[in-house]
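Down below is the structure, laid out as structure tokens.
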Amino acid sequence: MTEQVVILQFGKPVRTIKEPGLHFKLPIPIQNAVVFDNRLLEYDVPPEEILSKDKKSLIVDNYVRWKISNPLLFLQTVQAIPTAITRLDDIVYSELRRELGTHYMSEIITENREIIMEQITHNSRIATTPYGIEVVDVRIKRVDLPKQNEKSIYARMEAERKRQANKFRSEGEEEAQKIRATTEKDKTIILADAYKESQQIRGVGEAAALEIYAKAFGADPDFYEFVRTLETYKKII
């Protein structure tokens with residue numbers, strides 16, 4: 001059922017019809033029917049400037065989904081949709097300004113927007129209930145910076161990005177120097193260990209050679225002398 005009706009008798013409400021079906025009323029001027037929409041309605045709230053907790057001015061563009069939940073109460077308080085929208089605008093803007101004023105700009109833009117909007121919807125629903133209105137949802141379409149603040153904000157953001165970039169470059173160069181120093185130290189240690197090991201191996205080899213020569217000389221001095229002579233000739237040639 002897309003419509004709901006309040007029946008007036010001599011200008012006074014006598015019953016409300018919200019269910020579909022066949023209904024009767026007395027003819028005018030005894031009774032007349034005031035018809036209201038029973039569907040979900042949407043109101044696009046004009047963008048408003050709001051101050052965040054960290055004193056940042058933000059242009060907030062939002063919309064409200066709402067419906068007439070109590071047509072009799074609606075008729076008795078605001079009477080018509082244009083008046084209801086005016087009241088809705090006042091209430092939602094007030095709740096939006098109050099709630100966003102307790103949060104930092106970063107929370108409003110990214111981090112906690114969903115939780116913030118749920119709280120605004122809840123508070124707006126409570127505030128509009130006495131008018132026969134149910135606020136179903138309040139949503140932010142976009143958040144902008146005021147034109148006069150954009151350049152200064154962007155300049156601060158650019159300076160902050162440059163500061164971070166310089167910090168990262170400095171830290172990277174420092175780390176590179178540490179790596180180069182460590183590598184050079186490891187290289188020196190490896191070369192020293194290799195030289196030490198080679199000298200030890202050479203010493204063992206020379207000792208073994210001397211031992212072999214000594215045994216050969218003891219077993220056959222003439223043959224040993226002959227071998228030594230050949231080695232001498234080999235070195236000369």
When you check Ile190 against the structure, is it surrounded by 10 or more Cβ atoms within 10 Å (Cβ to Cβ), at pLDDT 85 or above, in the same structural domain as Asp54 (by TED's automatic domain parsing) and of a type in the set (A, V, I, L, M), yes or no?
no
With the structure loaded, tell me whether Gln4 is free of Cβ contacts under 8 Å to residues at least 12 places away in the same chain and of a type in the set (S, T, N, Q) or whether it fails that test.
no
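The values are calculated or read from the model by the stated rules, or taken from the named source; none is laboratory data. None of the values given here were measured: they were computed from a predicted structure. Positions of Cβ are backbone-derived with ideal geometry, glycine not excepted, and every protein chain shown enters the neighbour counts.
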